[in-house]
Amino acid sequence: LFITVPVLVIGAVVGKITGGVSAAVFAASMGLLLWTSLARLVRGEFLALREREFVDAARVAGASSPRIIFKHILPNAVGTIIVSTTLLMSSAILLETALSFLGFGIREPEISLGALISQYQQAFSTRPWLFWWPGLFIVIIALTINFIGDGLRDAFDPRQKRIPSERKMSRADAVAGRPAGIMPMQTQDTQGRP
């Protein structure tokens, strides 16, 4: 039901019923409404990862279901979870701004950037900075959250690990004092082959 009904309509109804809620109550109510899209995405990612070869290998090796979930599937799904969470946070900020602009969100004495834009829209022709600064801060906040999410995905997602290039490997060999292309721990079998 929550996925099919537009979130802006649900938020406006919640804002109208509660009549100028505080920021914490509004955030909690929006969290109760917006979790469904994230849960659907994470479920789809888990179902896709469940069919991968490394899960079959862990199952054959005798790993229990909780171990497979927490040691194999969850680390591979964390990139999707982080990116969708940050996108959801940005959309929640934009939703709050839109509802406060329309008068259904956070009201005075609490401060909202949407309420500031609504309050100063009449002064746009004489004092445009009163209108543009809150809008610029909304964009900066949303972009910052998205960039943080991208950085966290790159840091935690094991599928984002890159193999070092030849140039980086030769530079590392030069720093370590090894001839280029020689691995530090080359082993040989009994017939002398590497």
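General remarks:
- Surface share of carbon and sulfur [accessible, 1.4 angstrom probe, percent] for segment 42-82: 60
- Accessible area of segment 3-158 divided out per residue, in Å², using a probe of 1.4 angstrom: 60
- Tail fraction, Cα-Cα pairs, segment 3-158, threshold 23 Å, whole percent: 52
- Dividing the alpha-carbon radius of gyration of segment 50-113 by the rule-of-thumb value 2.2 N^0.38 Å gives 1.93.
- Annotation: Ile141 carries an accessible surface of approximately 70 Å², with a 1.4 Å probe and no ligand, DNA or RNA atoms counted.
- Computed over segment 88-159, the Cα gyration tensor eigenvalues convert (square root of 5λ each) into semi-axes of 30, 14, 7 Å, ordered from largest to smallest.
The values are calculated or read from the model by the stated rules, or taken from the named source; none is laboratory data. Just so it is clear, the model here is predicted, and its values are computed rather than measured. Calculation scope for accessible area: heavy atoms of the full protein, side chains included, ligands and nucleic acids excluded. Shrake-Rupley method; radii C 1.70, N 1.55, O 1.52, S 1.80 Å.
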